[in-house]
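Down below is the structure, laid out as structure tokens.
The values are calculated or read from the model by the stated rules, or taken from the named source; none is laboratory data. This structure is a prediction, so every number in the text was calculated from the model and none was measured. FYI the Cβ positions are ideal-geometry reconstructions off the backbone, even for glycines, and counts take in every protein chain you see. For the accessible areas, the whole protein counts, side chains as well, though only heavy atoms, and no ligand, DNA or RNA atoms are used. Shrake-Rupley method; radii C 1.70, N 1.55, O 1.52, S 1.80 Å.
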Amino acid sequence: MEQSNKAHRKTKEKNTAKKKLHSQGHNAKAFAVAAPGKMAKQMQRTGDKNERKLHVPMVDRTPDDDPPPVIVCVVGPPGTGKTTLIKSLVRRLTKSTLTEINGPVTVVSGKHRRLTFLECPADDLNAMIDVAKIADLVLLMIDGNFGFEMETMEFLNLAQHHGMPRVLGVATHLDLFKSQSTLRASKKRLKHRFWTEVYQGAKLFYLSGVINGRYPDREILNLARFISVMKFRPLKWRNEHPYMLADRITDLTHPGLIETQGAQIDRKVALYGYLHGTPLASNPATRVHIAGVGDFPISQVEKLPDPCPTPYFQQKVDEYQRLKMKEESSTSTAATTTRRRKRLNDKDKLIYAPMSDVGGILMDKDAVYIDVGKKNEGPSFVPGEEKGEGEKFVTTLQNVDKTIGENFDNVGLQIFSNSAELHDVEDEQQESSEEDENEDHGRSQMRKPRVYGKSIQEADEDLDNLPSDDEIPQHEEIDFAFGDEENGKFGSESESENELNGQEEGSWERNAAGKLNVNINRKRKWDIGKLIYMENVSAEDCIKRWRNEDVDDEEGGDSDSDDSNEEDFFKKKDENSSKESNPKQTIDLEQFVPYFDTFEKLAAKWSSVDLIKNRFIRSAVERKASSKATDVDHPDSNEDEVFDDFEDLEAENDGELQNNAVDDRDGNESDDSFANFEEEEKKALTVEEERALNAEKKEKYLTQFELEEGENFKEDDPDNEYGTWYELQKAKMAKQLEINNTELDEMTPEQRQRIEGYKAGSYVRIVFEDVPMEFIENFNPKFPIIMGGLLPVELKFGILNARLRRHRWHKKILKTNDPLVLSLGWRRFQTLPIYTTTDSRTRTRMLKYTPEHTYCNASFYGPLCSPSTPFCGVQIVANSDTTGGFRIAATGVIEEIDVSVEIVKKLKLVGYPYKIFKNTAFIKDMFSSAMEVARFEGAQIKTVSGIRGEIKRALSKPEGHYRAAFEDKILMSDIVILRSWYPVEIKKFHNPVTSLLLKEKTEWKGVRLTGQIRAAMNLTTPTNPDSSYKKVERVDRHFHGLKVPKSVRKDLPFGSQIHQMKPQKKQTYMAKRAVVLGGEEKKARAFMQNVLTLSKAKDDKKKSKKADQRKERLKKLAKLEEEKTQKDKEKRKSISHMRGRREVAMTTMKDRAERGNRC
């Protein structure tokens, strides 16, 4: 029997969470965020980091096409390897080895980048200040075996207050570390200290030992690659001023002036270098500042070819030449082009270091300098022993007796063998060209030549059959009716267009043929200015030539005369008839008087003006009116179809005026953005309507300008396309830069240079005059020469207010009116600052010293500069006065310029009362005259005890005494004090630091303190007895006892009763006892004192002996410890040696076993 089981229930398909996730064919949770909170924090942190990276957007004025070289300054203490690093980098980038580094060294490091290496003198604070102002990248050399030195910290602080450049740390001398653990610890310590001074994460390179005078190639390669790809952000001061690092200097003073006037005269100097920053103005007499020399006006600026161009610039030049050759090849043959560069070749790795004498040849505008070698190297050139083709070529040039011009003197031109040799043809062509330039050949009608003689074809046939010079036929001249004798050419009878064109094309041939004919009698126009100075020409011939009368006319020669034009307007009168009609004419120039016809003759001659009517302006207006009348009468007439594309040259302006009028009418009908003023003048508008119309027009023009120029960025619209304010500002600057470039590109190079100036990246030659001779005589290429441009406000001098703080590392606080050398802008100058503070904004009070740990205000006299300009101050510049401490004394920022500051200081006047009347007293010894008392009438005074008063009036006698009133009665012993404020004037002292004019550049000394002068001259300080401190001896004052009257004493309460003891009549015990030692007691006391003294001396002796014994014991223990350490060291060494031998033996046995197994 089969068992029937109950059927199972079907499982229901539950819609679980897992099935929901896979409902659409994929796991929806697979790509979800596992920790949303963590992700939110990470996004917030990323956003904060990006916001911290943003700076205030600045316009980068560096040109993109040809930027100036990046200035890389190598700074560090002496002996840290600065010169070695530059040599290694130059060797890596250019494959050139420099023996000596003098001045800037410019090399090509990439297709778009050049680097200028500059070594900063380690012992010159002035050079460090100047280098901090211009450096784009600073390679800070650090002795890894020693650490950070004082010069390193000084330069970092200078750079921070002059616009912090990019800084890379380079640690050297790491090969001196014997232990790797010590090396790692030192690297870590240097890195964190470097991060503290620069910024967290600053790059620090490590260079090991020197190999063959250079650092290892791999380390230099890493450093060079990092430098080549670095990006630089424009700094505020450099983005507003042009500046130049001079890589070459030349003295252009004439040697004759130095010989005649002496070597002490001012020099004319030329500086060469690449411009940086903003464009340098091309205006003459632009003032600039040469750091360490002074302010000078620019005498001349000239842009020179780039001595070290980038491959990108060369590629652009090649592309231009390629396009030019391609254009030429379209008409002629195909041009061959060079292959476009794709990488930096060895020949592109250029180097330019004129002060280091790289290359041996230096080319200038007006000279070429050749390095002939040193004296001990022997002669560089021996005649007959030329070393190459170049020397042979120069030698042959030097042996030439005559120049090319002398060889070709008196040599004529002879085209045919039987023709005459031509001379002075060039002079005739010049004269004709000068006459053509001075004369107006314009015409309004087509010329209609009248031909006399043969046509062009017949003349050409005659020219082809020329047998000889004597048989050349004479050709007739043509008059083109211009009233100009020089326009007469060989003529043509045909008036067709083709023949006229042929005549113009063949004019030079006919002109040459005419000049070959030496027998042709041609006329010339003589210059009266030249004729009167010709000694071989008489006065009569001079006048005849000036009047175009042939000198040989009297002998029977015929003279040519000009014909009239098509309307017979200009007619040249016959010379003979003019002579007859004008008997007053003479041939003497001194007695010559021009003759004019009388009015009656002129009226009879020009009885009708129809012939000259079309020569006046009025005729154009009449023709226009007649043409309009013709158009009205015949509206269907169409002259354009009749004349096709030809124009009437007589009325050439009529069509233009008519077309312009039609265009204006069409424009007004199609676009109403420009008003038709002629129609508006006809309308009778009220004042309100005109104002509304003008406002509407103004708004329309403004909107159109914003749309065209791109100024409508929709800043107020929250839904604009710019997400942040930073992007909006960047878009504005980009648009403005595009507008400027568009406008400048439309100009010619001369106009652009006149408006924009010399752009950054240009290699220029700047000439200065009246430069002190010490600048040339004491020139040292080791010290940089920096030229900085000055804005108009920086040319003035005045009072500057600044916020100043003593540097926390400077040892001493600063005193008011002590000389301080400030580095402000491009200038370095010495001034006398006054330190001040404000008392609740009521007065500016002078401080004698700077505060300890906070800012104060400083006012000083000097050259003005824009507010918010940072500066640094140092007290000592000369190395001889440096004491080894931190030299940067103060830092600050300019707040106000060219202001009048009222500074006051506290003044206490002291007086003494000599008469007292209740609340009134007479005071003496405070003033010296009644005038001074009158000045302070009503001033508040106060006694030392705190009683306040007021000055009333001056007394008649004695002089300077006055009456004062107090709030209470004072005593004769009181001292009266008057607190007043005395105005302080700022001393207008400005002493520029001219360190480059000294022979010892590091020993510039300005104004010194009086104490320093006395110390240098071994003088004692004069003392004033009144100013010296004295011991205060105060007399004890005895006050009388308090006496209370008996009437008052009776009325006092019991608690306030005054209890007075009666005087003692008997002598008390304490008064009458007397302690006197006896003999035995005195001896006992002396004995005990001696015993105690001996005991104390014995204890001291024991203590000193114990101390000596302890020292000896410590020495023995130290010696035993050292011996033990040495034994342990030797033991460990022997154990290590044994272990090493055992390991070597085991390794050898294993190797033998393996070899045996293989065999």
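Of note:
- Residue count for region 710-751, restricted to those that are at pLDDT below 80 and assigned to a loop (DSSP other than H, G, I, E, B): 15
- Among the residues making up region 959-976, those that are of a type in the set (A, V, I, L, M), surrounded by fewer than 21 Cβ atoms within 10 Å (Cβ to Cβ) and within 25 Å of residue 1039 (Cβ to Cβ) are 971, 972, 975.
Matching residues to (1) loosely packed, with under 15 Cβ neighbours inside 10 Å; (2) among the aliphatic types (A, V, I, L, M):
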residue	(1), (2)
872	no, no
875	no, no
895	no, no
903	no, yes
915	yes, no
928	yes, no
944	yes, yes
949	no, no
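- Residue 754 being within 30 Å of residue 301 (Cβ to Cβ), under 23 Å from the mean Cα position of the chain (by Cα) and assigned to a helix (DSSP H, G or I): yes
- Within region 849-878, tally of residues that are assigned to a loop (DSSP other than H, G, I, E, B), among the β-branched types (Val, Ile, Thr) and closer than 17 Å to residue 991 by Cα: 2
- Selection status of residue 103, part of a loop (DSSP other than H, G, I, E, B), open to solvent by less than 20 Å² (accessible area, probe 1.4 Å), under 20 Å from residue 310 (Cβ atoms) and touching a helix residue (DSSP H, G or I) at 6+ places or on another chain (Cβ under 9 Å): no
- Residue in region 893-903 that is closer than 30 Å to residue 954 by Cβ and touching a residue at least 60 places away in the same chain (Cβ under 8 Å) present: yes
- Residue check: residue 979 meets all listed conditions (1) more than 49 Å from the chain's Cα centre (by Cα); (2) under 18 Å from residue 929 (Cα atoms); (3) not aliphatic (A, V, I, L, M) but one, namely (2).
- Filter result for residue 884 (touching a residue at least 60 places away in the same chain (Cβ under 8 Å), out of contact with any helix residue (DSSP H, G or I) (no Cβ under 7 Å at 6 or more places or on another chain) and either assigned to a loop (DSSP other than H, G, I, E, B) or on the phi > 0 side of the Ramachandran plot (or both)): yes
- Per-region count, region 965-1015, residues closer than 29 Å to residue 800 by Cα, among the hydroxyl-bearing types (Ser, Thr, Tyr) and not in a helix (DSSP H, G or I): 4
- Residue match in region 1007-1022 (condition: small (Gly, Ala, Ser) and open to solvent by 60 Å² or more (accessible area, probe 1.4 Å)): yes
Listed here are the residues, each with its yes/no results for (1) modelled with pLDDT under 90; (2) open to solvent by 100 Å² or more (accessible area, probe 1.4 Å); (3) part of a helix (DSSP H, G or I).
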| position | (1), (2), (3) |
| --- | --- |
| 1048 | yes, no, yes |
| 1110 | no, yes, yes |
| 1118 | no, no, yes |
| 1128 | no, no, yes |
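- From 179, 109, residue being within 23 Å of residue 229 (Cβ to Cβ) and small (Gly, Ala, Ser): 109
- Selection from region 223-258 of residues that are open to solvent by 50 Å² or more (accessible area, probe 1.4 Å), of a type outside the set (A, V, I, L, M, F, W, C), farther than 26 Å from residue 827 by Cβ and outside the structural domain of residue 167 (by TED's automatic domain parsing): 254, 255
- Enumeration of residues in region 175-226 that are touching a Gly at 6+ places or on another chain (Cβ under 6 Å), closer than 16 Å to residue 81 by Cβ and modelled with pLDDT of 90 or more: 204
- Residue count, region 42-80 (criterion: farther than 28 Å from residue 756 by Cα and open to solvent by 20 Å² or more (accessible area, probe 1.4 Å)): 15
- Some residue of region 96-110 being within 27 Å of residue 208 (Cβ to Cβ), of a type outside the set (Lys, Arg) and free of Cβ contacts under 8 Å to residues at least 40 places away in the same chain: yes
- Scanning region 191-222 for residues that are over 35 Å from the mean Cα position of the chain (by Cα) and either part of a loop (DSSP other than H, G, I, E, B) or buried (at least 16 other Cβ atoms within 10 Å of the Cβ) (or both) turns up 208, 209, 210, 212, 213, 216.
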